[in-house]
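Worksheet for the structure shown next.
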Amino acid sequence: MLVSLKDLLTKASRGHYAVGAFNVNNLETIQAIMDAADAERAPVILSTSEGAIDYAGMEELASLAHIAARRTKRPVVFHLDHGKNYDLVVEAIASGWYTSVMYDGSSLPLTENIKRTTQIVKLAHKKKISVEAELGAIAGIEDFVSVEDRDAHLTDPEQAAEFVKKTGCDALAIAIGTKHGAFKFTGESRLDFGRLKEIAERVSVPLVLHGASGVPANIKKICTTYGCEISSAKGVSDSAVRKAVMLGVCKVNVDTDLRLAFDAGIRKFLKERPEVIDPREILKPAKELMTKVVKQKMKMLGSSGKG
Ligand code: G3H
Ligand code: 13P
Ligand code: ZN
């Protein structure tokens, strides 16, 4: 069943849990996520980035997501992730496929981010589509050279309150020290929870944590054993993500952990079964590993049994 992001996150916020938003690029990933959602009876967000749309096509991904949503009893949001290209966001809204779009104006000057986000909100709300917006630079806490530098790039609580009020967005992606990709920290995960608490106290809409992959040790082990060079990869710990959820994060974005699971499954299978050439056989373990990762996320986020 397709639902809007706003409805899904309002429930999550009241229930103090978060919903996983998983990036999808192909059929197998969508199947793997939906298997997990059904097994866990969990709501789910299927996210397509601009890169995913370039790779597979908007209509193709939308068709797969809509069929998956029709076949399940779980609430499903079909979401545009990091729409930086204004025209693409407008196209996604006009297509009628999406129940939620993210307009990412975070790299623009504040006034321009407010202006464009407000325009997107107007267009999207006319069609009952939710809008996620972003304020601050999603970069690892270790990437900042000084406290001043960090303060200048992470989300400012007062500014966040003003931004949400002016734009009317339904959810806000915040920067508190997470980063996209597999290399987020050199040591333990470190997030600015004080900042998150201050944002949550001032902002009325649900908060979104991007760059939240954990780089699970068991998956990383398979990847490295079978030749993937990611030994220094480090993600956000489950306990840090759970703390963020307790402080008000209701949507948690995961892409890297699915990439790692896909990679681990394929590398291991090809090494152990060099005689197989059937893509269906090759991709089966990759799919199963992705399902395992998604189920674990749903349990960790508290969304299992909520769909
Ligand atoms: O936040 C970005 C997601 O990981 C999507 O990555 O742009 O390579 O599809 P992508
Ligand atoms: P990860 O790279 O940590 O999986 O983050 C994905 C993300 O934020 C997608 O928007
Ligand atoms: Zn992101």
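Counting only helices (runs of 4 or more DSSP H) wholly contained in region 13-85, no element carries 3 or more residues that are of a type in the set (Lys, Arg) and surrounded by fewer than 23 Cβ atoms within 10 Å (Cβ to Cβ).
Filtering Arg116, Arg74 for residues that are charged (D, E, K, R), at pLDDT 95 or above and touching a Pro at 6+ places or on another chain (Cβ under 9 Å) leaves a single hit, Arg74.
For residues that are outside any helix (DSSP H, G or I) and within 16 Å of ligand 3 (Cβ to nearest atom), tally how many sit in region 113-156.
12
For region 231-249, the criterion of a residue being within 16 Å of ligand 1 (Cβ to nearest atom) and at positive phi is satisfied by no position. For region 225-248, filtering for residues that are within 16 Å of ligand 2 (Cβ to nearest atom), touching a helix residue (DSSP H, G or I) at 6+ places or on another chain (Cβ under 8 Å) and over 10 Å from Gly214 (Cβ atoms) leaves 6. Taking the listed residues Lys251, Lys220, the one that is within 16 Å of ligand 2 (Cβ to nearest atom), within 30 Å of Val203 (Cα to Cα) and among the basic types (Lys, Arg) is Lys251, with no other qualifying.
Taken together, Thr167, Thr178 contain a single residue that is modelled with pLDDT of 95 or more, buried (at least 17 other Cβ atoms within 10 Å of the Cβ) and away from ligand 1 (no atom under 16 Å from the Cβ), which is Thr167.
Per-residue answers, yes or no, for (1) hydroxyl-bearing (Ser, Thr, Tyr); (2) free of Cβ contacts under 8 Å to residues at least 60 places away in the same chain; (3) part of a loop (DSSP other than H, G, I, E, B):
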site	(1), (2), (3)
Leu196	no, yes, no
Ile199	no, yes, no
Ser213	yes, yes, yes
Asn218	no, yes, no
Gly227	no, yes, yes
Ser239	yes, yes, no
Ala244	no, no, no
Val252	no, no, no
Leu260	no, no, no
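When you check Leu88 against the structure, is it closer than 14 Å to Glu134 by Cα, without any contact (Cβ under 8 Å) to a residue 60 or more places away in the chain and either within 16 Å of ligand 2 (Cβ to nearest atom) or outside any helix (DSSP H, G or I) (or both), yes or no? No.
The values are calculated or read from the model by the stated rules, or taken from the named source; none is laboratory data. Quick caveat, the model's predicted, so the values are computed rather than measured. Positions of Cβ are generated from backbone atoms using ideal geometry, with glycine treated the same way; all protein chains shown enter the neighbour counts.
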